[in-house]
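The values are calculated or read from the model by the stated rules, or taken from the named source; none is laboratory data. Values in this document were obtained by computation on a predicted structure and should not be read as measured data. Quick reminder, even Gly has a Cβ in these numbers, built from the backbone with ideal geometry, and neighbours come from all protein chains shown. To get the accessible areas, we keep the full protein, side chains included, count just its heavy atoms, and leave off ligands, DNA and RNA. Shrake-Rupley method; radii C 1.70, N 1.55, O 1.52, S 1.80 Å.
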Amino acid sequence: MSDTFIELTEDEFDDLYALVPNHINPSATWAFGDGVGCLFETYGEEFEFVRRYDPRKVWTFVDGDDGDMYVISGLHYVNRVGYLLSRDAVLENTAVQVHIPMDTDDEEPLP
């Protein structure tokens with residue numbers, strides 16, 4: 001159980017945690033600019049690589065129950081879309097979450 005919970009913006013996450021490119025799949029998504037994608041799959045060779053990586057440097061990209069997406073520290077299975085790996089570790093006893101709001105066409109415009 002984590003003692004500390006931290007919620008970051010996408011920009012704060014990008015500033016704090018440099019991501020490792022997916023060297024297995026040249027077509028991986030989650031790329032910055034024209035760079036190589038960083039998202040690893042939830043099965044096969046890519047998932048085996050993620051499982052062997054330092055667990056404090058693993059991030060799970062998940063579908064949230066609220067329709068938004070989240071990046072959460074650690075290796076998780078529920079609602080997973082893929083995995084990201086960082087060069088820097090999350091502090092011990094700390095859980096980090098990045099909320100990624102999804103735009104929906106059915107939202108009412110603000111007055």
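Between Y43 and L16, what FRET efficiency comes out of the Förster formula 1/(1 + (r/R0)^6) with R0 = 25 Å and r the beta carbon distance, rounded to 0.05? Between L16 and Y43 the formula returns 0.30. Using the Karplus relation 6.51 cos²θ - 1.76 cosθ + 1.60 with θ = phi - 60°, the per-residue 3J(HN,Hα) values for the range 84-99 come to 10, 10, 10, 7, 10, 8, 6, 4, 3, 6, 10, 10, 10, 10, 10, 8 Hz, with x marking Gly and Pro. A probe of 1.4 angstrom, applied to the heavy atoms of all protein chains, finds E46 with accessible area near 20 square angstrom. If you run the Gaussian network model on the chain, springs between alpha carbon atoms under 10 Å, then out of V62, V90, V78 the most flexible one is V78. Past the 21 angstrom mark, what percentage of all C-alpha to C-alpha distances in the chain do you count? Tail of the P(r) past 21 Å holds 37 percent of the pairs.
Legend: residues R80, R52, R87, sorted from most to least accessible area (1.4 Å probe; ligands, DNA and RNA excluded), read R52, R87, R80.
Amide H to amide H, with H built 1.01 Å from N, V81 comes under 5 Å of F61, V62, D63, counting only residues 5 or more places away or on other chains. Given the -39500 (n - 2.57) contribution per DSSP H run of 4+ residues, what per-residue ellipticity at 222 nm results for the chain, rounded to the nearest 500 deg cm²/dmol? The per-residue figure over the chain is -4000 deg cm²/dmol.
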